[in-house]
Amino acid sequence: MATKSGKYWVTWANSNALNSNSISDLDSTFQPKINAFIKALKDAGATVTVSTTKRSPKRAYLFHWSWKISQGKCKPQDAKSMVGVDIDWDHGDAAKSKAGALEMVRGFGLAVPPRSVFPPSLSSNHIQGKAIDMTINWKNNLKVKKKDGTVMTIAYMQNVNGNSMLHKLGESYGVKKLKSDAPHWSYNGR
């Protein structure tokens with residue numbers, strides 16, 4: 001029998017559908033690019049904290065549908081089923097279904113409007129190990145080497161999505177910024 005959506009599924013996912021935060025779990029073509037980019041940042045004095053690398057498809061599924069249902073972007077019965085995730089999104093009442101999905105969104109710590117107007121992707125680059133979520137911090141200006149060895153100066157900006165110089169640095173290593181998601185970097189910018 002399927003279990004109704006709600007906080008149970010956050011606990012379930014934390015045991016059965018974990019994210020990785022290990023760079024060694026990344027795709028073998030993307031991993032050396034990330035390693036080089038992070039090394040350059042750290043060598044210049046930045047701190048880098050990795051929160052997510054590879055994501056379970058089951059976790060992505062729970063993220064996606066809980067976000068969409070909780071935000072009223074679809075009805076519970078619109079959610080596709082997934083083998084191995086015996087969840088019932090429909091509580092028989094629209095408000096209860098949204099509340100169950102919202103418990104999950106909060107439990108997973110997902111960004112909702114106004115921070116994010118897009119649902120988590122069902123086909124995220126994280127699933128293929130070609131994306132990373134990381135927080136990069138430093139004070140004042142960072143003098144850091146691009147992949148070609150030239151040094152660039154990057155001013156610290158709290159809004160990483162608007163820091164085009166940091167994005168250019170990443171691109172020199174083959175790591176591209178998704179400008180709508182603060183911690184997200186990937187092989188193709190999505």
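General observations
- Filter result (within 24 Å of Pro113 (Cα to Cα) and of a type in the set (A, V, I, L, M, F, W, C)) within the stretch 54-99: Ala60, Leu62, Phe63, Trp65, Trp67, Ile69, Cys74, Ala79, Trp89, Ala94, Ala95, Ala99
- Residues in the stretch 173-188 that are out of contact with any strand residue (DSSP E or B) (no Cβ under 7 Å at 6 or more places or on another chain), under 15 Å from Ala40 (Cβ atoms) and surrounded by 17 or more Cβ atoms within 10 Å (Cβ to Cβ): Tyr173 alone.
- Failed item in (1) touching a His at 6+ places or on another chain (Cβ under 8 Å); (2) on the phi > 0 side of the Ramachandran plot; (3) of a type outside the set (A, V, I, L, M, F, W, C), with Arg55 passing the rest: (2)
- Close pairs (8 angstrom Cβ cut-off, 6 or more residues apart or separate chains): acidic (Asp, Glu) in the stretch 68-85, buried (at least 16 other Cβ atoms within 10 Å of the Cβ) anywhere: Asp78/Lys68
- Those residues of the stretch 106-131 which are out of contact with any His (no Cβ under 9 Å at 6 or more places or on another chain) and of a type in the set (A, V, I, L, M, F, W, C), in sequence order: Phe108, Leu110, Ala111, Val112, Val117, Phe118, Ile127
- Take the conditions (1) in contact with a strand residue (DSSP E or B) (Cβ under 9 Å, 6 or more places away or on another chain); (2) at pLDDT below 95; Ile38 misses just one of them, which is (2).
- Ser97 being touching a residue at least 60 places away in the same chain (Cβ under 8 Å), buried (at least 20 other Cβ atoms within 10 Å of the Cβ), closer than 26 Å to Asp27 by Cβ and of a type in the set (Gly, Ala, Ser): no
- Cβ-Cβ distances below 9 Å connect the following pairs, each with a first residue in the stretch 157-179 that is without any contact (Cβ under 8 Å) to a residue 24 or more places away in the chain and under 15 Å from Asn141 (Cβ atoms), a second residue that is in a helix (DSSP H, G or I) and among the aliphatic types (A, V, I, L, M), and a separation of six or more residues or different chains: Met157/Met165; Met157/Leu166.
- Any chance Lys75 is at pLDDT 95 or above, over 30 Å from Lys146 (Cβ atoms) and in contact with a Gly (Cβ under 7 Å, 6 or more places away or on another chain): no
- Taking the criterion of being under 16 Å from Trp138 (Cβ atoms) and among the acidic types (Asp, Glu), the only residue of the stretch 27-51 that qualifies is Asp43.
- Filtering Lys139, Lys130, Lys96, Lys145 for residues that are over 25 Å from the mean Cα position of the chain (by Cα) and within 30 Å of Ala44 (Cα to Cα) leaves a single hit, Lys145.
The values are calculated or read from the model by the stated rules, or taken from the named source; none is laboratory data. This one's a predicted model, so the numbers in the text were calculated from it and none came from an experiment. So basically every Cβ, Gly included, is an ideal-geometry build from the backbone, and we count neighbours across all protein chains shown.
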